[in-house]
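The values are calculated or read from the model by the stated rules, or taken from the named source; none is laboratory data. What you see is a predicted model, and the numbers here were worked out from it, not measured in a lab. Cβ sites come from the backbone with ideal geometry, for glycine too, and all protein chains shown count toward neighbours.
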Amino acid sequence: MIKSECYDFYSTMAILTWEGTNIMERKTAAELEKMYDYVSQFFEGRAQVHKGDRWCHITEDGVPAYPERYEYVSPFSRGLAWAWKGTEKFQIRYDGTRAA
């Protein structure tokens, strides 16, 4: 008998196991919540996360989408998110670079 399992969905993605092998390497909501103080829902493949006093976005596998950390970031919409750093407010792309 072949055993398979399906775990909780998070952002329309699930971790599937087929005969003991992970088909999709995605972190579960519980795993992400252990890594960060706050994890939002995913929008456009990115979630806002807060750790300590800094914010950034992560990809669906739980990896930071870019190296920069901000005082706050908004969810992505149409490829852009708002970021706050000091007194500046500006838009960033998926990779954290500033939009023109």
Inset, instruction - Tell me, yes or no, whether the range 81-90 has at least one residue that is of a type outside the set (Val, Ile, Thr) and within 19 Å of residue 32 (Cα to Cα). - result: no
Inset, instruction - Please verify whether the range 65-76 includes one or more residues that are modelled with pLDDT of 95 or more, under 16 Å from residue 27 (Cα atoms) and in contact with a strand residue (DSSP E or B) (Cβ under 8 Å, 6 or more places away or on another chain). - result: yes
Legend entry - Restricting the range 55-100 to residues that are part of a loop (DSSP other than H, G, I, E, B) and among the charged types (D, E, K, R), the residue that is surrounded by the fewest Cβ atoms within 10 Å (Cβ to Cβ): 78
Legend entry - the range 38-51 residues that are under 10 Å from residue 76 (Cβ atoms), paired with ones that are among the small types (Gly, Ala, Ser) and at pLDDT below 95 (beta carbon under 7 Å, 6 or more apart): 42/11; 47/40; 48/40
Legend entry - Single residue of the range 19-54 satisfying the filter (at pLDDT below 50 and either in contact with a helix residue (DSSP H, G or I) (Cβ under 6 Å, 6 or more places away or on another chain) or assigned to a strand (DSSP E or B) (or both)) that is surrounded by the fewest Cβ atoms within 10 Å (Cβ to Cβ): 21
